[in-house]
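The values are calculated or read from the model by the stated rules, or taken from the named source; none is laboratory data. Predicted, not measured: the structure shown is a model, and the values here were computed from it. With ideal geometry, Cβ positions are generated from the backbone for all residues, glycine too; neighbour counts draw on all protein chains shown. Just so you know, the surface numbers come from the protein's heavy atoms only, side chains and all, with ligands and any DNA or RNA stripped out. Shrake-Rupley method; radii C 1.70, N 1.55, O 1.52, S 1.80 Å.
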Amino acid sequence: FVAVRELVVQAAARRPTLIAFDDLELADDETLALVRHVARLAHRHPLALLCAHRPGDVVGPGFQRLTLDAPAAAGTTEGLHTTPAEVREALARVAPGGPSFDLLEFRATSGVDAARGDRLLDLALASGVIVPVVHGGFRFADPDDAARLAESLPPHRRSEVHRSAARELEVLGAPPDRVATHLLAAGETEAAITPGLEATRRAAAAQLHLEVLRWTAALVDQAPRAERVELLRLRGDALVASGDPSAVPAYRTALSLAAPREVAGLRARLARAAMVAGDLATATEALDGLSPGGGNDDGEILGA
């Protein structure tokens with residue numbers, strides 16, 4: 001956020017600046033938070049934002065809205081109906097994962113071998129039903145097509161598609177968040193714990209706090225004791241970084257489940273969260289008798 005803020009402010013200082021975003025309905029929570037952060041700069045700088053997205057409250061309040069008709073959508077749907085049946089079937093298996101996907105996910109979900117899958121992908125691109133995107137992936141030209149194709153599968157088949165995709169993605173070495181996402185969509189929460197916890201760790205290391213909160217909310221209630229403690233700790237860290245006082249109960253719950261070697265670090269984190277929330281009594285209680293012991297949490301303890 002700081003780096004983007006500096007770039008935007010520098011640009012606006014030289015001349016009035018317009019920043020345009022397209023397909024914002026496909027953005028993740030971190031990107032939407034960044035857009036809102038940039039929008040706040042427009043109150044103090046000669047800066048305008050133009051955000052294009054499909055119907056729905058994507059960006060949030062405070063934006064002037066202009067609704068445009070999209071007659072091209074009907075043409076896109078017709079293109080889907082005229083696409084060969086085998087292509088539609090492959091895309092129907094891909095669609096439950098959402099309107100965007102990459103080559104790895106297509107191969108994992110399409111239900112055909114790599115050579116045939118590449119041919120089907122070429123046909124889908126030629127039909128205009130899907131289009132390439134700048135980072136090397138693909139998306140449905142009309143996200144409604146993805147929703148319609150996903151809904152065309154019975155619930156039990158959608159679940160099987162997700163389970164199969166998770167297995168294939170794991171074999172192909174896909175990032176753990178992709179594997180866990182499909183397992184959760186299949187209702188396999190327990191199986192999603194291991195890849196989901198790794199995805200949470202990676203999000204925490206990258207300071208993607210909203211991603212950490214999303215993963216922990218999905219996993220924490222079903223996780224075994226040790227994994228639950230770590231998920232609660234990571235959730236508390238993300239809440240503290242977000243200035244959310246509910247970090248205090250997250251750390252308290254983690255402490256109630258923690259192994260002895262984990263207690264000191266969690267107490268230090270609890271004290272920090274309590275101080276941020278203005279609860280000095282809880283902070284004092286958490287720090288009482290706490291001292292470095294030569295472990296990995298000494299920095300946290302000394303800081304608290």
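Once the Cβ-Cβ distance of His53 and Arg167 is raised to the sixth power relative to R0 = 45 Å, the FRET efficiency obtained is 0.85. Heavy atoms of the protein chains alone define the surface here; on that basis the range 138-239 has 47 Å² accessible area per residue at 1.4 Å probe size.
Counting heavy atoms of the protein chains alone, Leu103 has an accessible area of about 60 Å² for a 1.4 Å probe. The orientation-averaged shadow of the Cα convex hull for the range 1-70, equal to a quarter of the hull surface, comes to 4.9 nm².
Highest mean first, the peptides 176-184, 271-279 sorted by other C-beta atoms within 10 Å per residue fall in the order 176-184, 271-279.
With both labels modelled 7 Å from their Cα along Cα-to-Cβ, the Glu89 to Asp298 distance reads 6.4 nm. Looking at the range 253-304, the accessible area is 55 square angstrom per residue; that uses a 1.4 Å probe and ignores ligands, DNA and RNA. Tilt of helix 176-185 relative to the longest C-alpha principal axis of the chain, in degrees (0 to 90, nearest 10)? On a 0 to 90 degree scale, this one is about 70.
For Leu47, the residues 5 or more places off, or on other chains, whose built amide H falls under 5 Å of its own are Thr17. Can you work out the FRET efficiency for the pair Leu104 and Asp22, with r the C-beta to C-beta distance and R0 = 22 Å, to the nearest 0.05? It comes out at approximately 0.35.
Starting from the Cα-Cα distance between Gln64 and Ser152, subtract it from 0.36 nm times their residue separation and give me the gain in nm to one decimal. Walk me through the numbers before you get to the answer.
Values: separation 88, 0.36 × 88 = 31.68 nm, distance 3.60 nm.
Contour length minus Cα-Cα distance gives 28.1 nm.
The spacing between the range 250-268 and the range 197-229, judged by their C-alpha centroids, is 16 Å.
Test of understanding: what is the full-extension gain from Ser291 to Glu198, defined as 0.36 nm times their sequence separation minus their Cα-Cα distance? Let's see the in-between values first.
Values: separation 93, 0.36 × 93 = 33.48 nm, distance 2.99 nm.
Taking 0.36 nm per residue and subtracting the Cα distance, the gain is 30.5 nm.
Remark: accessible surface ordering of Ser164, Ser100 (largest first) is Ser100, Ser164, probe radius 1.4 Å. Take the Cα of Leu210, go 7 Å toward its beta carbon, and the backbone nitrogen atoms of the range 37-54 under 12 Å from that spot belong to 37-38.
Relative contact order for the range 198-263: what is it in percent, counting Cα pairs under 8 Å that are at least 6 residues apart?
On the way: 65 pairs, mean separation 19.1, N = 66.
29 percent.
In a Gaussian network model over the chain where Cα atoms closer than 10 Å are linked, find which of Gln64, Gln222, Gln207 has the largest mean-square fluctuation. Looking only at Gln64, Gln222, Gln207, the largest GNM fluctuation is found for Gln64.
Note the full-extension length gain between Ala3 and Leu123 as 0.36 nm times their separation in residues minus their Cα-Cα distance, in nm to one decimal. Walk me through the numbers on the way to the answer.
Values: separation 120, 0.36 × 120 = 43.20 nm, distance 4.09 nm.
Here the answer is 39.1 nm.
When DSSP beta bridges are limited to those with both residues in the chain, what percentage is antiparallel, rounded to the nearest 5? Let's see the in-between values first.
Values: 5 of 10 bridges.
That works out to approximately 50 percent antiparallel.
Taking label positions 7 Å along the Cα-Cβ direction at both Thr189 and Ala226, the computed distance is 2.2 nm, reported to one decimal. Helical runs (DSSP H, four residues minimum) scored at -39500 (n - 2.57) apiece and divided by the length of the chain put the mean residue ellipticity at 222 nm at -19500 deg cm²/dmol.
At q = 0.16, 0.20, 0.28, 0.29 Å⁻¹, work out log10 I(q)/I(0) for the range 79-132 with the Debye formula, treating every Cα as an identical point scatterer and leaving solvent out; two decimals please. For the requested q values the scattering log ratios are -0.38, -0.61, -1.27, -1.37. Once C-alpha pairs closer than 8 Å and six or more residues apart are averaged by separation and normalised to the residue number of the chain, the relative contact order reads 10 percent. In this structure Ile19 has an accessible area near 40 Å², from a 1.4 Å probe over the protein heavy atoms.
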